[in-house]
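Engineer: Take this structure first; my questions come after.
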Amino acid sequence: MSDKAILSLDGKKFEFDLFTGSENERCIDITHLRKETGYITMDQGFGNTGSCFSDITFVDGAKGILRYRGYPIEELAEKATFVETAYLILYGELPSADKLRNFSNSLREHAPLHTNLKHHFEGLPSDAPPMAILSAMLNMVSCFHPEVLDVHTKGAGFDRTAALLLSKVRTIAAWAYRMAVGKPFNHPNPNFSYCSNFLHMMFSEPYQEYIPSPVVEKALNLFLVLHADHEQNCSTSTVRVVGSSRANLFSSVSAGVCALWGPLHGGANSAVIQMLEEIKESGRPLTDYIKMAKAKNNTFRLMGFGHRVYKNFDPRSLILKKAVDEVLHELNMEDPLLDIARELEEKTLQDDYFKERNLYPNVDFYSGILLRAIGIPLNMYPVMFAIGRMPGWIANWHELHAHKQRISRPRQIYTGSNTRSYKPIEER
Ligand code: ACO
């Protein structure tokens with residue numbers, strides 16, 4: 001196989017280097033294309049553009065493969081805790097017992113928020129969107145820890161900052177919820193696991209500590225493991241773009257939260273439930289909604305369907321579909337939305353429009369039903385996604401520094417007016 005790509009352009013031939021990744025993914029390095037030819041490439045939405053080399057997560061969309069640091073998502077989902085998974089994503093290896101203990105202690109140590117941060121929560125209206133609070137507070141946390149602002153890649157400084165963020169994101173999320181429902185903030189309890197502690201901060205009441213059932217704790221753990229990283233998706237790319245200006249980790253992940261918020265990305269998990277609720281309330285047949293999703297003149301889309309990379313199935317969706325069944329069964333619950341979701345999936349699998357475009361349920365399709373079952377309120381779903389994605393954002397920010405990535409600065413093709421002269425206001 002050739003180790004160069006040959007481009008024939010304007011009667012000349014140009015050569016470009018080829019690279020092959022550890023899973024045989026191939027790319028043409030066009031770094032010098034503009035310098036040599038005067039052309040740039042156009043790839044709106046970056047569907048075909050590699051922005052970095054990365055050792056963290058591998059996705060094969062055609063085969064439905066997802067691996068964190070080489071470990072299949074199916075194995076991690078079954079056997080690993082979120083804390084172990086976060087360590088794996090951050091440091092490249094599963095932790096030894098000692099390392100896991102130290103990491104968990106560090107998470108415990110960093111769980112409380114600075115007292116003065118409480119006042120910022122208190123000044124917010126109760127209907128403030130939790131994703132806006134999360135993004136703002138993540139940036140705000142850095143004000144109380146100025147020593148971590150110039151931390152880049154190595155040593156205790158980075159370890160501390162990573163643990164601080166992984167831990168505090170959970171406290172901020174729970175407090176955003178408590179503020180919205182007008183209830184007192186619950187402080188983290190160092191005796192609880194990562195997931196139980198979050199649920200305690202969400203749901204404990206004065207004189208009545210919330211102790212989650214093992215089923216609920218396991219379900220939350222699974223949700224977080226499945227969301228822990230997903231290579232260069234919209235929010236992670238945002239973290240990398242922001243971080244590439246050497247912006248600090250807090251502002252970079254805060255921007256990641258904003259990117260995640262949109263309904264085409266992490267906001268899809270709540271949008272799916274809203275859609276299923278609407279279908280249920282309307283009493284209209286599912287085929288009406290499928291028809292609307294297919295109509296060219298209608299902006300309606302089936303939320304939780306489709307993916308830029310997965311063109312066969314999203315392995316996370318398969319795991320979640322099974323888990324939702326088990327969790328509802330073990331909690332002795334029924335959810336009419338699950339029946340609608342299953343029927344919708346079945347119908348779209350038979351439908352040419354969805355088949356031709358390779359549109360299958362993505363991670364967000366069943367995750368909302370799982371979050372409902374464990375009692376998480378709807379407006380917190382994208383926040384849950386953000387807690388889960390934190391290890392991936394931090395690891396990508398770290399890697400970008402380790403690889404000394406250049407500042408992100410795409411080009412454009414200008415299509416606006418040609419030069420014209422300023423006219424005084426009375427002549428316009
Ligand atoms: N419902 C109906 N049609 C769809 C859907 C959908 N959910 N998704 C894609 N399509 C159609 C498009 O209209 C387009 O049709 P066309 O070729 O006739 O124009 C074709 O499928 C390709 O779609 P694109 O929008 O070009 O695909 P893209 O890769 O840009 O977008 C995305 C992927 C954003 C996930 C899209 O499928 C979508 O909007 N899905 C619904 C929102 C959603 O579930 N987002 C969560 C994604 S997972 C995550 O971020 C964690």
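Engineer: What are the trypsin sites (Lys or Arg not before Pro) within region 139-219 that DSSP puts in a loop, where the Cβ has at most 16 other Cβ atoms within 10 Å?
Structural biologist: Lys154
Engineer: Give me the percent of the accessible area of the chain that comes from carbon and sulfur atoms, probe 1.4 Å, all protein chains in place.
Structural biologist: It is 52 percent, rounded to a whole number.
Engineer: Another question about this same structure. Starting from the alpha-carbon convex hull of region 136-250, give the projected area averaged over all orientations, in nm².
Structural biologist: With every direction weighted equally, the projected area is 8.8 nm².
Engineer: Ok, one more. Between Met292 and Asn116, what is 0.36 nm times their sequence separation minus the Cα-Cα distance? Round to one decimal in nm.
Structural biologist: 58.4 nm
Engineer: Need the list of aspartates and glutamates near Lys35 for cross-linking: C-alpha distance under 14 angstrom, and skip anything on the same chain fewer than eight residues off.
Structural biologist: Glu15
Engineer: On average, how much accessible surface per residue is there in the chain, in Å², for a 1.4 Å probe, leaving out ligands, DNA and RNA?
Structural biologist: 52
Engineer: Another question, if that's okay. What's the longest bit of the chain with no exposed GluC sites (Glu not before Pro), using DSSP loop states and at most 14 other Cβ atoms within 10 Å as the test?
Structural biologist: Result, exposed sites excluded: 210-333.
Engineer: Treating cross-link reach as a plain straight distance, find the aspartates and glutamates whose alpha-carbon is under 17 Å from the alpha-carbon of Lys355, omitting any fewer than eight places away in the same chain.
Structural biologist: Asp314, Glu343, Glu345, Glu346
Engineer: Given N residues in the chain, what is Rg(Cα) / (2.2 N^0.38 Å)?
Structural biologist: Dividing the Cα Rg of the chain by 2.2 N^0.38 Å gives 1.06.
Engineer: With viscosity set to 0.890 mPa s at 25 °C, what whole-number translational diffusion coefficient in µm²/s follows for region 26-115 from Stokes-Einstein and a Kirkwood radius over Cα pairs?
Structural biologist: D, rounded to a whole number, is 147 µm²/s.
Engineer: What number, in nm² with one decimal, is the all-direction average of the projected area of the convex hull of the alpha-carbon atoms of region 273-330?
Structural biologist: Seen from a random direction, the Cα hull of region 273-330 projects 5.5 nm² on average.
Engineer: What pairs in Lys99/Lys322; Lys291/Lys311; Lys79/Lys99; Lys79/Lys321 have C-alpha atoms more than 29 Å from each other?
Structural biologist: Where the Cα-Cα span goes over 29 Å, the pairs concerned are Lys99/Lys322.
Engineer: To continue, here is another question. Give a quick list of trypsin sites (Lys or Arg not before Pro) in region 288-362 that DSSP marks as loop, anything other than H, G, I, E or B, with at most 11 other Cβ atoms within 10 Å.
Structural biologist: Taking region 288-362 and a limit of 11 other Cβ atoms within 10 Å, the loop trypsin sites (Lys or Arg not before Pro) found are Lys296.
Engineer: Related question: Loop-only check: which trypsin sites (Lys or Arg not before Pro) in region 16-73 are DSSP coil with at most 12 other Cβ within 10 angstrom?
Structural biologist: Lys63
Engineer: So which aspartates and glutamates can Lys13 reach, going by Cα to Cα under 12 Å and dropping same-chain residues fewer than 8 places off?
Structural biologist: Glu36
Engineer: So, one more: Provide Rg and Dmax in Å for region 214-372, with only Cα atoms included in the calculation.
Structural biologist: Cα-based Rg and Dmax for region 214-372 come out at 16.9, 52 Å.
The values are calculated or read from the model by the stated rules, or taken from the named source; none is laboratory data. All of these numbers come straight from a predicted model, not from anything done at the bench. Cβ: placed from backbone, ideal geometry, glycine included. Neighbour counts: every protein chain shown. Please note that ligands, DNA and RNA were not included when accessible areas were found on the heavy atoms of the full protein model with its side chains. Shrake-Rupley method; radii C 1.70, N 1.55, O 1.52, S 1.80 Å.
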